[in-house]
Amino acid sequence: MRRHEIRALLMRAPGTNCDAETARAFRDLGVRAEVVHTQRVFRERNLLDYDILVFPGGFSYGDYVRSAAIWAKECEYRIGPDLERFVDEGRPVLGICNGFQLLVEAGFLPGFEGRSRYPEAALANNTTGYQCRWVRVRHLSRGNCALTREVPRDAVLAMPIAHGEGRFLFPRDRQDEYLRRLYENDQLVFRYVKPDGSFADGEAFHNPNGAWHDIAGICNPAGNVLGLMPHPERAYFGWLTPDWTRREKPPEYGDGRLIFESVVRYVERRF
Amino acid sequence: MSRIARSPHPFEHFTIRLEGAGDDELREVAAALGLGLSVEEMRAIRDHYAAVGRDASDVELQTYDQTWSEHCFHKTFKGVIETPEGVIDGLLRTYIRRVVEELGPDWCFSVFEDNAGIVDLDGEHAVAIKVETHNHPSAIEPFGGAATGLGGVIRDVLGVWADPIACMDVLCFGPLDFDYGRLPEGVKHPAYLFRGVVDGIGSYGNSIGIPTVNGATVFDEDYTGNVVVYAGCVGVLRKDRYVREVKPGDYIVLAGGRTGLDGIHGVTFASAELTEESEEVSRPAVQIASPIEEEKIKRAVKRISAGRLGSGITDIGGGGLSCGVCETADRYGLGAEVHLDRVPLKYPDMAPWEIWVSESQERMLLAVPPENLDRVLQIFEDEQVEATVIGRYTEGGDARVYYDGVLVARLDLGALFSPPRVRRATAWRPPERGEPEFPEPSDLGEVLRRLLAAPNVASKERVVRRYDHEVKGQTVVKPLQGWNAGPNDAAVLKPLEDSWRGISISCGVNPRYGKIDPYWMAASAIDEAVRNNVAVGGRRIALLDNFTWGNPEYEDRLGGLVRACRACYDVARAYGTPFISGKDSLYNESPLGPVAPTLLVTALGIVPDVRRAVTMDLKGEGNAVYLVGATRWELGGSEYYRLMGHLGASVPRLDPAETAASYRRLTSAIDAGLVRACHDLSEGGLGVAAAEMAFTGGLGLELSLSSVPAEGGMRGDLLLFSESNGRLLVEVPRRHRSSFEEAMEGSVYARVGTVTDEPRLRVSGRRGVVVDLPLDELMAAWKTPLGGSA
């Protein structure tokens, strides 16, 4: 598939607020990005016309009940089968922040046995309260995650987070088993690290929210659904990075671009 | 009361016979209806009804009450003031608006006319900006008060068809460690207010997805009884979508949240003093916030604006529908017909007057030509926003308000918008304060460490990180700089996708100076706002004034206000920086006395190419550090004096012409690429600014006090901590030194130091080294008090 033919669908619900900058990133890569209201997608049932599906960041429906819980249930109920088919066909789904919360709430992530009926993980309230700050994450995927293939293994990426509920948790009685499966399936994509590249080990604020095992992002076993708390779209251009003025000339791009580039390349190659 | 009679209708409605009523009776009527109108105003209303020969209705009197409130009409700023130096015919006209009238800049698009001030961005686009206060509600219910304050100012920006892209907040609290035992009945503790206000702003701004990019947090005893919450918003619009052409027959469309009993008499409450009973009496005046509702409205308004489908728009804020409808009609020389029974309510059985004045949040009022109505309503439906036609604009100058087909109010807009002018007198005397005398402390390093930890200097990271300052992906210079999170002077945004042209947003506020002299307080606030903007590379600056003052009916408070306004004219005129919008909040009085006289100045500048923006962190070893501006023996109101237990009298002054010239030269040096870092000197003076630049950049700095251009005979501590205006520290690479010096020719400046790779701040004075501290200690001192992170 050629780049300019690729169509990315950025769904938005009331309260979604990172759609414009996410669309800007895809457009910069030469992809057609369309921001469409979730009600319209429900009405028109045209999900499968698209090659990329993105759930952008925000506070869908005010994040009442739990972050993204309402939107996730609504999506399941209204377009559940379409979503499952989209995923089963290997098309890429990217969930950023609120989008990650949605993918967990809807059972697509971690999705050990395909989509789960109930959430298998949680993005709980931060131990540190709401935080907006730049963090560093290390890329751990050994190649399974199709949406980060352009990111070198073990590379440390700088991106900002901005959320009150992003503390990744598994049920306590299953967390060791689930973690083993994440590693076995190569589903662990990003972990928070310290400036020297070593894992944050829960230390605030390198791990900004208290996430268990410093987990910042995971993918499904098939590697085509990725959810992450940091915002790659806010680290897309060099002038968005926190220390660009320290260079004589600002860098053209930030680390976030690698993720969007991976998504687009994956579609180019596969379809 | 015999003058008030219930109408024979099946809903709550009263007629009020004002004919021949004496002052006592007028007072009784006002009290019975809960009106904040003065006797003079009630007399004017009585005479109006005598002239038209009929009784008044409750809905009508409530409308007068709202429209004539200080909050809505700004009676003090528009009134006549007698001062010992002569009569002032309107403070706003004489001192604030006059700057823009005399300067006549071609880049001002809409000034003091709309909900927000609007200036040019790039010829095709414009920037709208507005700052509001929400002090009284925040004192009663800090979370809701602050959240709705932000919600309201965002709607002001939507109310000029602009897309809101950034928020600002400036918060003033009493000391967080204020002794509970000294709190009077009805006053909430500063720590409680602090938490609630910060959470309220965060909750609203984050949810609606507009970054909070600039602000300040100030602590002072004089805010204990009167918390101050300023919320601001900046938006961008295409000039060809700024539609203001309401015609007779256009529909009045009310969109957004439902109308309820929250926010009844908000403006009356805001125009009175806070008392022990405020909580009980005025709780219903505080509105309830729903940021997601406003997010949906924002999307809908953007689409309606893109199609130029509306002919007018305004937000429903203070005074509710009564102000929104009447002001719109009056602006276009029209009348209006409104049916209150069509207004969607949160619950049944609200009286017509309550529907008419309710300040329920997240509501916009649009004027829509008949041919566009279906499309507008469809857009609102798409965005899941309730929108209702509640009436039409009409020919003629009166507003007719109906409920169930019954005419419940008929308002002559000419009379409504001609309240009697207030006439007030002033008396301001400089407070009798002396300059303190104390020996120079032996360890200035220890003083510096304590200053960095002082509440007004220490890192506000705990507040800043509660707010998303990156959403929308336009924040080029962030409130906190780099990984070490030092304090940037201004935010820089890149609002347009296809252009490098940016805007810079900064502020200035110096409440402690106001206790000594409001004139120099105001002058300093303007200078600080402009200086902060210049530091990042901003120019062509527009200003906003936001006064928070005590009761203007006291002659001393009003006298101080007049002095502050005079400074606004003098300094803004000399700087060539016009005021384009503003707001005043008066009557900030509590059982603890008046609020510290406070002027917040917000500055909006242009950065021609955001890639040339300058941040405050030191960048390179071996670079020279220059101090621009003269240091004077004027530490009155300074953080250093406060630390030593004094207020003092020698408040910082300003030579506006000289300072403006030196800013222009600095801007040309920045444009020539000669400047690597720049930081303004404010609270804590040279010592604090130098420490902040060093630890933020992770580079050492050697400073020599003997090189500081200063008034003769100043001691080391005074040189290091003076807060003289007009000063900045500038880092210049070695190879650009001569070009920089050439660019600054004619200004007061000197090379005062060098960047080193040894992570220490070392300051030498006449006595040898007076400060020698590792950067991590300085940074820890700065970050610890309010809780930051390394």
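The values are calculated or read from the model by the stated rules, or taken from the named source; none is laboratory data. Every value quoted in this text rests on a predicted model; they were computed, and no experiment measured them. Note: ideal-geometry Cβ built from the backbone for every residue, glycine included; neighbour counts use all protein chains shown.
Quick notes on this structure:
- All of B:A399, B:A485 fail the test of being at pLDDT 95 or above, of a type in the set (A, V, I, L, M) and under 27 Å from B:T615 (Cα atoms), apart from B:A485.
- Under the condition of being among the basic types (K, R) and either surrounded by 22 or more Cβ atoms within 10 Å (Cβ to Cβ) or within 14 Å of chain A (Cβ to nearest Cβ) (or both), the residues counted in segment B:427-453 number 0.
- Subset of segment B:494-513 (residues that are within 11 Å of another protein chain (Cβ to nearest Cβ) and in contact with a Pro (Cβ under 9 Å, 6 or more places away or on another chain)): B:W500, B:G502
- Boolean, B:Y332 is surrounded by fewer than 24 Cβ atoms within 10 Å (Cβ to Cβ), aromatic (F, W, Y), over 34 Å from the mean Cα position of the chain (by Cα) and modelled with pLDDT of 95 or more: no
- Among (1) in contact with a Ser or Thr (Cβ under 9 Å, 6 or more places away or on another chain); (2) not in a helix (DSSP H, G or I), the one test that B:G645 misses: (1)
- Only residues that are part of a helix (DSSP H, G or I), buried (at least 24 other Cβ atoms within 10 Å of the Cβ) and among the charged types (D, E, K, R) were counted across segment B:514-556, and they come to 3.
- Summed over segment B:583-597, the residues that are of a type in the set (S, T, Y) and within 10 Å of B:P552 (Cβ to Cβ) give a count of 1.
- Flag if B:R611 is away from chain A (no Cβ under 14 Å), charged (D, E, K, R) and either in contact with a His (Cβ under 9 Å, 6 or more places away or on another chain) or surrounded by fewer than 24 Cβ atoms within 10 Å (Cβ to Cβ) (or both): no
- Within segment A:240-268, the set of residues being crowded, with 24+ Cβ neighbours inside 10 Å and under 16 Å from B:L493 (Cβ atoms) comprises A:L240, A:T241, A:T245.
- Breaking point among (1) more than 25 Å from B:N588 (Cβ to Cβ); (2) touching a residue at least 12 places away in the same chain (Cβ under 8 Å); (3) in a helix (DSSP H, G or I), for B:F143: (1)
- Output for segment B:35-58, where each listed residue is of a type in the set (A, V, I, L, M, F, W, C), touching a Ser or Thr at 6+ places or on another chain (Cβ under 8 Å) and either at positive phi or modelled with pLDDT under 95 (or both): B:L35
- Residue check, B:G716 in contact with an Asp or Glu (Cβ under 9 Å, 6 or more places away or on another chain), among the small types (G, A, S) and assigned by TED's automatic domain parsing to the domain that holds B:N623: yes
- The single residue among B:E621, B:E658 that is away from every other protein chain (no Cβ under 14 Å), among the charged types (D, E, K, R) and not in a strand (DSSP E or B) turns out to be B:E658.
- Those residues of segment B:197-221 which are in contact with a helix residue (DSSP H, G or I) (Cβ under 7 Å, 6 or more places away or on another chain) and more than 14 Å from chain A (Cβ to nearest Cβ), in sequence order: B:V197, B:T217, B:V218, B:D220
- Selection from segment B:367-383 of residues that are more than 12 Å from chain A (Cβ to nearest Cβ) and free of Cβ contacts under 8 Å to residues at least 60 places away in the same chain: B:E371, B:D374, B:Q378
- Members of segment B:661-695 that are small (G, A, S), within 29 Å of B:R573 (Cβ to Cβ) and not in a helix (DSSP H, G or I): B:A672, B:S682
- Any hit, segment B:233-242, residues being of a type in the set (S, T, Y), outside any strand (DSSP E or B), more than 14 Å from chain A (Cβ to nearest Cβ) and surrounded by 23 or more Cβ atoms within 10 Å (Cβ to Cβ): no
- Taking segment A:133-150 as the range and being within 14 Å of chain B (Cβ to nearest Cβ) and under 21 Å from A:V104 (Cβ atoms) as the test, only A:V135 passes.
- Considering segment B:478-513, the residues that are of a type in the set (A, V, I, L, M) and in a strand (DSSP E or B) include one that is surrounded by the fewest Cβ atoms within 10 Å (Cβ to Cβ), namely B:L480.
- A single member of B:E362, B:E386 is surrounded by fewer than 18 Cβ atoms within 10 Å (Cβ to Cβ) and within 14 Å of chain A (Cβ to nearest Cβ), and it is B:E386.
- For segment A:108-143, a residue qualifies if it is assigned to a loop (DSSP other than H, G, I, E, B), touching a strand residue (DSSP E or B) at 6+ places or on another chain (Cβ under 9 Å) and free of Cβ contacts under 8 Å to residues at least 40 places away in the same chain, and exactly one does: A:Y130.
- Members of segment B:104-125 found to be part of a strand (DSSP E or B) and within 12 Å of B:K239 (Cβ to Cβ), listed by number: B:F109, B:S110, B:I118, B:V119, B:D120, B:H125
- A single entry from B:N456, B:N488 fulfils the requirement of being closer than 24 Å to B:L618 by Cβ, more than 14 Å from chain A (Cβ to nearest Cβ) and either basic (K, R) or touching a Lys or Arg at 6+ places or on another chain (Cβ under 9 Å) (or both): B:N456.
- Test result for A:G62, assigned to a helix (DSSP H, G or I), small (G, A, S) and away from every other protein chain (no Cβ under 14 Å): no
- Being at pLDDT below 95, within 14 Å of chain B (Cβ to nearest Cβ) and in contact with a Phe, Trp or Tyr (Cβ under 8 Å, 6 or more places away or on another chain) holds for only one residue in A:P230, A:P251, A:P242, and it is A:P251.
- Odd one out for A:F205, checked against (1) over 16 Å from A:C145 (Cβ atoms); (2) assigned to a helix (DSSP H, G or I): (2)
- Candidates are the residues of segment A:79-94 that are touching a residue at least 40 places away in the same chain (Cβ under 8 Å) and not in a loop (DSSP other than H, G, I, E, B); the one that is surrounded by the fewest Cβ atoms within 10 Å (Cβ to Cβ) is A:V87.
- Scanning segment A:1-42 for residues that are among the charged types (D, E, K, R), in a helix (DSSP H, G or I) and more than 10 Å from chain B (Cβ to nearest Cβ) gives A:R3, A:E5.
- Flag if B:R27 is within 29 Å of the chain's Cα centre (by Cα) and under 30 Å from B:A427 (Cα atoms): no
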